[in-house]
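Structure first, then comments.
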Amino acid sequence: MSIHIAAPAGGVAESILLPGDPLRAKFIAETFLEKPVQYNTVRNMFGYTGTYKGKPVSVQGTGMGIPSISIYVNELFRDYGVKRAIRVGTAGSILADIHLRDLVIAMAASTDSGANPIRFGGRSFAPAASFTLLKTAFDIAVAKGWTPKVGTVVSSDMFYTEDPEEWRLWSKFGCLAVEMETAELYTLAAKYRREALALLTISDSLISHGSTSAEERQTAFTQMMEVALETAISA
Ligand code: HPA
């Protein structure tokens with residue numbers, strides 16, 4: 001047991017999927033995993049371990065934002081020996097050629113978060129994906145005939161920004177999309193020498209202000225899940 005995760009020792013698989021929404025963790029476990037066993041209900045941040053194509057895989061909700069994902073990923077890496085962590089989330093497009101329902105693979109994550117300036121005493125760290133996981137996920141998606149967009153994302157601490165045009169600065173520097181967790185996941189993977197990747201479906205656009213229907217989100221989500229699960233069992 002750790003403070004926020006009630007799994008017994010060995011109760012979490014070496015490969016884990018990390019959705020923000022705990023109910024999505026439940027849905028993933030019940031829809032995609034064989035014989036899922038729930039190992040966590042603390043704070044309703046559900047976690048499950050099962051198998052995918054016979055190989056152990058866990059799925060754990062992280063909550064929204066860097067402070068929340070930081071708690072879960074610290075405990076998963078430090079206390080449960082997780083080796084491969086794949087975030088499966090949503091993001092808002094901030095670049096014209098990133099469209100609703102696109103699959104974005106985050107190569108690296110810029111951030112406005114206070115976490116890394118605190119951690120590194122004002123120095124700047126470069127949170128980056130695992131090359132192995134990134135290449136594997138990209139190849140799997142392409143083999144399925146999909147066209148993932150690979151590039152940098154922004155992990156923001158603010159969903160409701162004071163300046164609604166703030167995203168334009170990141171867009172100017174080529175960031176594809178904004179979400180709220182990846183920079184911390186990649187930073188912790190670097191610290192603990194583990195592998196991490198963020199797969200993101202585009203759920204809304206800060207440029208067009210469009211958003212996806214529930215059905216469209218479901219299709220894009222299922223494609224992302226296939227890539228995530230195949231990547232999780234690839235090692
Ligand atoms: N901003 C931040 N996080 C998000 C967004 C957004 O527009 N869409 C999905 N996650």
Provide Rg and Dmax in Å for the stretch 167-224, with only Cα atoms included in the calculation. 14.2, 39
DSSP beta bridges in the chain [antiparallel fraction, %, rounded to 5]: 40
Residue range of the chain that is longest and free of chymotrypsin sites (Phe, Trp or Tyr not before Pro) which are both DSSP loop and sparsely packed (at most 12 other C-beta within 10 Å): 1-119
Quick check: convex hull of the Cα atoms in the stretch 1-87, volume per residue, rounded to a whole Å³? 77
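Once the Cα gyration tensor of the stretch 15-234 is diagonalised, what are the square roots of 5 times its eigenvalues, in whole Å and ordered largest first, as equivalent ellipsoid semi-axes?
Values: eigenvalues 123, 86, 53 Å².
Computed over the stretch 15-234, the values are 25, 21, 16 Å.
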The stretch 70-101 versus the stretch 129-163: alpha-carbon centroid distance in Å: 9
Just rank D97, D102, fewest to most, by other beta-carbon atoms within 10 angstrom. D97, D102
Tell me which GluC sites (Glu not before Pro) from the stretch 160-235 have a DSSP coil assignment and no more than 10 other beta carbons within 10 Å of their own. E162, E165
Ellipticity estimate at 222 nm from DSSP helix runs (n ≥ 4, -39,500 (n - 2.57)) divided over the chain, nearest 500: -10500 deg cm²/dmol
Across the stretch 10-56, what fraction of all alpha-carbon pairs, as a whole percent, falls in each successive 10 Å bin from zero upward? 29, 62, 9
Over the chain, calculate the relative contact order: mean separation of alpha carbon pairs under 8 Å at least 6 apart, over the residue count, as a percent. 26
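Take I98, I16, I118 and order them by how many other Cβ atoms sit within 10 Å, fewest up front.
Working: I98 22, I16 27, I118 9.
Going from least to most buried by this count: I118, I98, I16.
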In terms of the charge dipole of the chain, which places +1 on Lys and Arg and -1 on Asp and Glu at the beta carbon, the residue among L169, S211, V12 farthest towards the positive end is V12
Taking the Cα centre of the stretch 31-96 as the origin and placing charges on Cβ (Lys, Arg +1; Asp, Glu -1), which of N40, P56, T90 is farthest toward the positive end of the dipole? P56
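Read-outs throughout are calculated quantities, based only on the coordinates presented, and are distinct from any laboratory measurement. Please read these numbers as outputs of a predicted model, since none were measured by experiment. So basically every Cβ, Gly included, is an ideal-geometry build from the backbone, and we count neighbours across all protein chains shown.
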